[in-house]
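*Asks:* Once you've had a glance at the structure underneath, I'll fire off some questions.
Just so you know, all these numbers are worked out from the coordinates, no wet-lab data involved. All figures in this text were calculated on a predicted structure; none of them were measured in a lab. Every residue, glycine as well, gets a Cβ built from its backbone with ideal geometry; the counts of neighbours run over all protein chains shown.
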Amino acid sequence: MIALSVAAVLAVFILYTSIAGAGTPEIGPSTVGQHVGEDVLLVGTVVGHVGGDAHAGGMRFLLKDDHGAAVARTRVLYSGSVPDLFRTGRQIVVEGTLRNGTFVAKPGSLVTKCPSKYTPAKTNA
Amino acid sequence: MALLGRAALLLSFGLVAYALVGGSLAAWKRRRRLALSAQNALVASFVTTLVAAIVLLVALGRRDLSFVYVAQHTSHSLPLGYALSAFWGGQEGSLLLWLLVLTGYASLAVLLNRRSRELIAWTVPVLGGIAVFFALMLCFVSSPFATAAAPADGAGMDPALQNPYMLAHPPMLYLGYVGLTIPFAFAMGALLARRTDERWLVATRRWTLAAWTFLGVGQLLGAHWAYVEIGWGGYYAWDPVENAALMPWLAATAFLHSVMIQEKRGMLKIWNVALVALAFCLSVFGTFLTRSGVINSIHSFSQSSLGGWFLGFLAVVIVFSVALIYLRLPLLRSKTKLESLVSREATFLYNNLLLVALALTILWGVVYPLLTQAVNGETRSVSKPYYDFFLHSFGLPLLLLMGIGPLVAWRRASLRALGKTFAVPAAVSVVTGIVLLALGFGSSTPGLLAYTFSAFVAASIALEFVRGRRATGSLPRLVARNRRRYGGYIVHAAIVLLAIGIAGSSAYQTIREQSLKPGQSMRAAGYTLTYVSLGTRQLQNAQQTSAVIDVSRGGSHVTTLHPGKSWFPVEQSSSNDVSIYHDPRSLGDVYTIADGISKNGTLDLKVLVKPLVNLVWAAGFVFVFGSLVAMWPDAVEQRKLADRYAAVPV
Amino acid sequence: MTLALVLGGILAVLAVVAVARPFLREPAPESDALDEPGELERRRLTLAEERDQALAALKELEFDHRTGKVSDDDYRALVGPLRRRAAEALRALEPRAEARHARVARPH
């Protein structure tokens, strides 16, 4: 009987995972070119000047890999809520799709990570 | 003074290492004085750890910037309360808090059970072993007492942490996380001593309940903090760090319920030792997640080497627990079998399965990025849709079970008896469902189901109180004589409130965003919000800009809200100041966020109308009340237990 | 600095004393053995737990019956075996019964 329940649970799980597709890829600017047109999570550090308005026409900025010396820069177009911590030099994650050389972000999907200048844990939960 | 702190921690390390080694030797070779000596070492380690904690607190209070830790987490302009709370704001400090609470709890447990020398003979070395890890980290890997030339001013504290909730949330969580160590140690101790009796369960019952309550309250505090401080409009984002506390709580919930079956019927013994080990391992894993930055999270912390150590410790704990349970399997097998799939024992079993399944699917979601990175080289992650799916698939049946369980009889319930007891609650829930459907709540199926099931559970709990009162004559007498059962019902009522609050504020919320110039208004779910003006003012360590928003409903003014942003010059960062109106009529909130304030005064306003959200917080109070009732010492029961164990004082 | 050293020293001494205390109080004890529950005691403990379990089950059945969760028929069917179990557990714990067990267990 227990075996039956466990099997049922697993079945639900496997059913969902296979239908929903296995998660969303998290990639950096150096490899995003391989996922044109796909819904992905772009992870990177903001560089250069941040222009535009996220609430009118879209905010524009450049993103580079968090780690490593890759030269690749991805142009991001974002509209929606901008978290407080967002600014040049911060590590962020944003969901969206690469289209015609620009990463078009899903509105409101921008998430910032706590800045690394606080090398030990900065916040506690 | 940092030297004193370091010395105190070294002493703690030595003492707990002695408790581990000496205690094991004493338990193995049956040496009484050595066992007592190991116990004393454990208690002494609390004193030395306390001294280290006081050193750090004093340094934080005085803003002694020669302490690297103090320089990194405080500044001269930081208010004293927050400066002290920086104790747990950083990695080293929070490890010290873990050790402090652990040695504190261990000392208390040892002192309370000192007469049952045999019971704690093996528990002492297990507690010592766990403490050794944290003491080791504090002494040699991640010390809070590193010193350097004092800078002019400290780095300050993240503005998001300067909030009263951050004074309570981490300590509360730690009291919970660490609290789960005690039942785990007693369970492993009993297995090591080859005991087959329930003494360890009886001794740790209140510990488990207390730890579980702290963990639950800690999470609610964290959720409330996120709601009012981070200000995205929600209170739970399925962030790995949030899940880190939810998973052990779910396992502990299963354990809490499952031990009742062992107590009453002597069944599910293997389940119980496995559940307590799972709860403890998830607790350690949760601490590891929060501290190692290993998973992409909005709370991404240090990329330190600590992660590797934690993983190693976790591996040791898992191997130890699994091996021990396996070796003692013959002792744990029960003679009693499950008689019917429709019995209270069976509902507890379903409860276990659903809770563990939910905890494991959350765990899978949390480690998914790590696994895909290791296997494919490409990181993939799951998010809200994944978690919501499983929350609905497992959570809704769990909600229903909460109403069914208490109505089913032990061993075997006849369908006729079930029919009679279910009739009223079932009728109430069906009527509720139909009414809600007619009112348009069918827009969300999980929401509707949550409401309907909640009605079922609420009715069954109410009926329990009514029937019980009729049987005993008075309500106080009923509760006083059946504290655990009725305390439990009160906690279930709290969970029902929680479920209703969550369903209302997520499935039935309204979100609107608009750019407004002064004088313009927007509408959301029957409310009209008018942007009046913009203003600035100076706080102790920040500059605040806020908008004045007039809120009206049906033409009449309801309240004025002030969403805005604050700029903290020392920390060079800004924070969102959301403004929330608590509507007493709907028990919901009108939540406003000043998303963007442009130089020419244009406001990007985001409004969320969240029905019934205040039930989530109200549930917290009912939860604590119910727990206290369940925990309250019962003189009659204490005497019975004393009788039982007086004959065999081990 | 010296204060730190003094305090640290005191702490160290206290720690050593706490650990050494059991040995200092009883340098040459009669027995240093950590009592272990013998076979008889373990049996007694299990029996005591069984007794309490049976009594609690009985009490709960009465309560469930009074609050209408258990029908009259079910109650009549269940109460008999439970009462018997409780009576057996109580009897097993009587001193005479134990002595009998002990005699049987020790062949002479």
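*Asks:* Using a 10 Å cut-off on Cβ atoms, rank the peptides B:23-29, B:321-327, B:76-82 from the highest mean neighbour count down.
*Replies:* B:23-29, B:76-82, B:321-327
*Asks:* Moving on. Which one, C:18, C:33, C:77, has the greatest fluctuation when you compute a Gaussian network model over chain C with C-alpha springs under 10 angstrom?
*Replies:* C:18
*Asks:* Something else about it: Suppose the chain between residue C:73 and residue C:94 were pulled fully straight at 0.36 nm per residue; how much longer would it get relative to their current alpha carbon spacing?
*Replies:* 4.2 nm
*Asks:* Per residue, what volume in Å³ does the convex hull of the Cα atoms of the protein assembly as shown enclose?
*Replies:* 184 Å³
*Asks:* Another question, if that's okay. How fast does the stretch B:511-610 diffuse by Stokes-Einstein, in µm²/s, taking the Kirkwood radius from C-alpha pairs at 37 °C and 0.692 mPa s?
*Replies:* Roughly 237 µm²/s, to the nearest whole number.
*Asks:* Within straight cross-link reach of residue B:29, meaning Cα distance under 13 Å, which aspartates and glutamates are found once same-chain residues fewer than 8 apart are removed?
*Replies:* Once the sequence-local aspartates and glutamates are set aside, what remains near residue B:29 is B:118, C:32, C:35, C:36.
*Asks:* Something else about it: Report, in debye and to the nearest 20, how large the dipole of chain B comes out about its Cα centre when Lys and Arg carry +1 and Asp and Glu carry -1 on their Cβ.
*Replies:* With Lys and Arg at +1 and Asp and Glu at -1, about 3060 debye.
*Asks:* Would you mind checking which residues have amide H under 5 Å from residue A:52's amide H? H placed 1.01 Å from N; only 5 or more apart, or other chain.
*Replies:* Here A:60 satisfy the definition.
*Asks:* Further, regarding this structure: Once the convex hull of the C-alpha atoms of the stretch B:62-143 is built, how many Å³ does it hold per residue, rounded to a whole number?
*Replies:* Each residue corresponds to 93 Å³ of Cα convex hull volume.
*Asks:* Another question about this same structure. Tell me the Kirkwood radius of the stretch B:1-153: reciprocal of the mean inverse pair distance over distinct alpha-carbon atoms, in Å.
*Replies:* 15.9 Å
*Asks:* Please say if the stretch B:23-78 is rounded, prolate or oblate, where rounded means a/c under 1.5 for a ≥ b ≥ c the square roots of the C-alpha gyration tensor eigenvalues, and otherwise the choice is prolate for a/b larger than b/c and oblate otherwise?
*Replies:* Taking the square roots of the gyration eigenvalues as a ≥ b ≥ c, the stretch B:23-78 is prolate.
*Asks:* Which of the pairs B:517/B:599; B:335/C:69; B:420/C:59 have their Cα atoms more than 18 Å apart in this structure?
*Replies:* The answer is B:335/C:69; B:420/C:59.
*Asks:* With label points built 7 Å along Cα→Cβ from the Cα atoms of residue B:115 and residue B:329, find their separation and express it in nm.
*Replies:* Distance between the two pseudo-spin positions: 3.9 nm.
*Asks:* At R0 = 35 Å, how high is the FRET efficiency between residue A:73 and residue A:106 if r is their beta carbon distance? Nearest 0.05 is fine.
*Replies:* That pair, residue A:73 with residue A:106, gives E of 0.95.
*Asks:* In 10 Å bins starting at 0, how do the alpha-carbon pair distances of the stretch A:24-112 split up by percent?
*Replies:* 19, 58, 22, 0
*Asks:* While we're looking at this one, here's another question. Lys/Arg Cβ at +1, Asp/Glu Cβ at -1, dipole of the stretch A:24-112 taken about the Cα centre: which of A:36, A:62, A:103 is farthest positive-ward?
*Replies:* Checked the options; the winner is A:62.
*Asks:* I need to check one value: relative contact order of the stretch B:106-237, counting alpha carbon pairs closer than 8 Å and at least 6 residues apart, in percent.
*Replies:* It comes to 31 percent, rounded to a whole number.
*Asks:* Kindly identify chain C as rounded, prolate or oblate by the Cα gyration tensor criterion: order the square roots of the eigenvalues as a ≥ b ≥ c, call it rounded if a/c is under 1.5, otherwise compare a/b with b/c, prolate if a/b is larger, else oblate.
*Replies:* Cα axes put chain C in the oblate bin.
*Asks:* Going through the stretch B:306-409, which trypsin sites (Lys or Arg not before Pro) have at most 11 other Cβ atoms within 10 Å and a DSSP loop state?
*Replies:* Hits after loop and neighbour filter: B:333, B:335, B:337.
*Asks:* Still on this structure, please answer the following. Quantify how strongly other chains surround peptide B:192-202 by giving the mean number of their Cβ atoms within 10 Å of each of its Cβ atoms.
*Replies:* Counting other chains' Cβ atoms within 10 Å and averaging over B:192-202 gives 2.
*Asks:* Quick one: helix C:39-66 against the long Cα principal axis of chain C, what's the angle to the nearest 10°, folded into 0 to 90?
*Replies:* 50 degrees
*Asks:* Report, as a whole number in µm² per second, the diffusion coefficient that Stokes-Einstein gives for the stretch B:162-235 at 37 °C and 0.692 mPa s using the Kirkwood radius over alpha carbon pairs.
*Replies:* Estimated via Stokes-Einstein, D reaches 238 µm²/s.
*Asks:* How would B:456, C:63 line up from fewest to most surrounding beta-carbon atoms within 10 angstrom?
*Replies:* By the 10 Å Cβ count, ascending: C:63, B:456.
*Asks:* Now, a different point. Quick one, could you list the DSSP H helices from chain B stretching 24 Å or more along their long axis (Cα atoms) with average Kyte-Doolittle hydropathy of -1.0 or above?
*Replies:* Sorted by number, the helices that extend far enough and score high enough are B:2-29, B:32-61, B:91-112, B:199-225, B:240-265, B:269-292, B:306-327, B:344-376, B:415-438, B:445-472, B:483-507, B:614-631.
*Asks:* Among B:209, B:99, B:192, which comes first, then next, by fewest other beta-carbon atoms within 10 Å?
*Replies:* Lowest to highest Cβ neighbour count: B:192, B:209, B:99.
*Asks:* Charges at C-beta only: +1 for Lys and Arg, -1 for Asp and Glu. How large is the resulting dipole of the stretch B:371-485 about its Cα centre, in Debye rounded to 20?
*Replies:* 980 debye
*Asks:* Right, next: Divide by every residue of the protein assembly as shown the summed helix terms, -39500 (n - 2.57) for each DSSP H run of at least 4, and state the resulting mean residue ellipticity at 222 nm, rounded to the nearest 500 deg cm²/dmol.
*Replies:* Taken over the protein assembly as shown, the calculation gives -19500 deg cm²/dmol.
*Asks:* How far apart, in nm, are two points set 7 Å out from the Cα along the Cα-to-Cβ line at residue B:437 and at residue B:540?
*Replies:* Result: 5.6 nm between the two label points.
*Asks:* If I model a spin label as a point 7 Å beyond the Cα along the Cα-Cβ vector, how far apart are those points for residue B:371 and residue B:477 in nm?
*Replies:* Rounded to a tenth, the inter-label distance reads 5.6 nm.
*Asks:* Between the stretch B:73-136 and the stretch C:21-85, what is the separation of their alpha carbon centroids in Å?
*Replies:* 34 Å
*Asks:* Shifting gears a bit: Over the Cα atoms of chain B, how large are the radius of gyration and the largest Cα-Cα distance (Dmax), in Å?
*Replies:* For chain B, the Cα-based Rg and Dmax read 26.6, 83 Å.
*Asks:* Same structure again: Hey, fewest Cβ within 10 Å first, where do C:88, B:229 land in order?
*Replies:* Fewest-to-most Cβ neighbours within 10 Å comes out as C:88, B:229.
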